[in-house]
Amino acid sequence: MTNPIAAIILAAGMGTRMKSDLHKVLHPIAGRPMLLHLIDSVDALDPAKVVVVAGARREQVEAAVAPLGAEVAIQAEQLGTGHAVQQAEAALAGFAGDVLILYGDVPLVTTETMRAMVDRLHGAGEPSVVVLAFRPDDAAAYGRVIADADGRLEKIVEFKDASAEERAVTLCNSGLMAVRSADLFRLLGRLTNDNAAGEYYLTDIAALANRDGRGSVVVETDAAEVAGINSRAELAAVDASWQAKRRVRAMAEGATLVAPDTVWFSFDTAVGRDVLIEPNVFFGPGVSIADGATIRAFSHIEGATVGTGAEVGPYARLRPGAVLGEKSKVGNFVEVKKAVLGKGAKANHLTYLGDAEIGAGANIGAGTITCNYDGFFKYKTVIGEGAFVGSNSALVAPVTIGAGAIVGAGSTVTSDVEADALRLVRPPQETKPGWAKRFRDMMSVKKAAK
């Protein structure tokens, strides 16, 4: 590709079937708004311009795409897809190149398919319009693409306007197109709304290009790639499709998934080689798993880094800012938030580590908590290398446990502990010989008297 590329992404639909206050194209797939999935694929083409056409709730769309450098054009009235694309004309004033027309609710179109569309625009015959089509298992009410065996397009007809013969065609319109900028708005200006819906159809520019003698052609892709989302059920189906591909990729890259269908990845999950992932594991955004790590069943991980050979779970939760060093271990029912565990450090069970720094080789006993919040501010706990914290201990931050120190089980530590020291915070024990037997005998007499 040598010509500059621009993308127009249509996102002006009302999204009423989603029944949501959130704009339809901002509903997430694998932890990222579907619109941003699509923009990420577009960005790989190094576009000169990306214009998102929005209508209702446009302020939500503007807030989402502004950090990405995309521009938002407004479609105030819903007069059809052709009319929607026209709203981007001002934003593309002076642009000379190729224009991809995409849909914000069709988020899984790959960069490779977009590139194929643009390449075909400059292929044999140099057509004015390239239409992306697909063959679904059930053509249902999709618009039909009428083309010859060489992919030269005769016309695109909406289902409600199609004849019985046209409805029998299995090649369907995805709505996605590639058009030269020199042709696009000239063709759009000639659209009419003489159809069953009274709308300006974008698809009609293909027939107009044919009349001009420039012609239109079809590029086919897999149906799953152009799956659209109009409801929560369709959102779940597209997410499931994305997850299925991501699981296959993880295994192809050297990870073992014991029960693949029960592992849920985020859009940016990084998984190394020889990683073992047991059933029912959920990865939120911002997770990196290094080579040789083990993620045991029913663990929830987000915003965390797991080092080489480290072990997580089962039933562990790693929250944002958790960093597990090489061969460290976080066991069952342990929660870690904004805490770093050094090489070989262990918190095997029933522990909360928040806002903490745990030195290499330290051992944190069951029931230990770092008391990091006083209702107003967060404070840090530092545990030195090789320190041992006994079970059921409360470390009241800010506090430092020195290297090699031991905190006795059941202690509440409110001040720093020197290196290699023992800290015990317990009331003295008192033993009363025979008291328990006397108590039972007395209570048995009372009970019998009733």
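Scanning region 142-153 for residues that are assigned to a loop (DSSP other than H, G, I, E, B) and not small (G, A, S), we see that the one that is least open to solvent (accessible area, probe 1.4 Å) is D148. Just so you know, in region 46-63 the residues that are open to solvent by 30 Å² or more (accessible area, probe 1.4 Å) and among the small types (G, A, S) include one that is modelled with the lowest pLDDT, and it is A56.
Report yes if T400 is assigned to a strand (DSSP E or B), farther than 25 Å from I289 by Cα and at pLDDT 95 or above, otherwise no. Criteria met by T400. Selection within region 289-312: residues that are part of a strand (DSSP E or B) and open to solvent by 50 Å² or more (accessible area, probe 1.4 Å). The member of this set that is nearest to D261 (Cα to Cα) is H300. Among the residues of region 190-222, the ones that are among the hydrophobic types (A, V, I, L, M, F, W, C) and surrounded by fewer than 18 Cβ atoms within 10 Å (Cβ to Cβ) come to 2 in all.
Here the condition is being open to solvent by 10 Å² or more (accessible area, probe 1.4 Å), farther than 17 Å from A224 by Cα and not hydroxyl-bearing (S, T, Y); of A84, A139, A90, it holds for A90 alone. Quick check, is Y315 surrounded by fewer than 20 Cβ atoms within 10 Å (Cβ to Cβ) and either within 21 Å of T262 (Cβ to Cβ) or in contact (Cβ under 8 Å) with a residue 40 or more places away in the chain (or both)? Here the answer is yes, as Y315 does meet what is asked. For region 333-349, filtered to residues that are more than 26 Å from the chain's Cα centre (by Cα) and more than 11 Å from G359 (Cα to Cα), the residue that is least open to solvent (accessible area, probe 1.4 Å) is A347.
Tallying residues that are open to solvent by 30 Å² or more (accessible area, probe 1.4 Å) and under 14 Å from the mean Cα position of the chain (by Cα) within region 223-238 yields 1. Candidates L208, L191: the one that is under 30 Å from G94 (Cα atoms) and in a helix (DSSP H, G or I) is L208. Listed by first and then second residue, the pairs with beta-carbon distance under 9 Å, at least 6 apart or on different chains, first residue in region 160-176 and modelled with pLDDT of 90 or more, second in a strand (DSSP E or B) and of a type in the set (D, E), are L171/E220. Tell me, please, whether a residue that is within 25 Å of H23 (Cα to Cα) and without any contact (Cβ under 8 Å) to a residue 40 or more places away in the chain can be found in region 239-249. Yes: region 239-249 contains one or more residues that are within 25 Å of H23 (Cα to Cα) and without any contact (Cβ under 8 Å) to a residue 40 or more places away in the chain. Scanning region 64-81 for residues that are part of a loop (DSSP other than H, G, I, E, B), open to solvent by 30 Å² or more (accessible area, probe 1.4 Å) and under 22 Å from D204 (Cα atoms) yields A76, E77, Q78, L79. Among the residues making up region 350-374, those that are open to solvent by less than 40 Å² (accessible area, probe 1.4 Å), assigned to a loop (DSSP other than H, G, I, E, B) and among the small types (G, A, S) are G359, A360, A362, G365, A366, G367.
In the set A88, A133, which member is within 18 Å of T203 (Cα to Cα), in a strand (DSSP E or B) and touching a residue at least 12 places away in the same chain (Cβ under 8 Å)?
A133
Specify the residue that is least open to solvent (accessible area, probe 1.4 Å); the eligible residues are those in region 382-424 that are within 15 Å of A360 (Cα to Cα) and touching a residue at least 40 places away in the same chain (Cβ under 8 Å). So the residue we want is A403.
The values are calculated or read from the model by the stated rules, or taken from the named source; none is laboratory data. The model shown is predicted, which means the values in this text are computed figures rather than measured ones. No Cβ is skipped: glycine too gets one built from the backbone with ideal geometry, and neighbour counts run over all protein chains shown. Remember, those area values only see protein heavy atoms, side chains included, never the ligands or the DNA or RNA. Shrake-Rupley method; radii C 1.70, N 1.55, O 1.52, S 1.80 Å.
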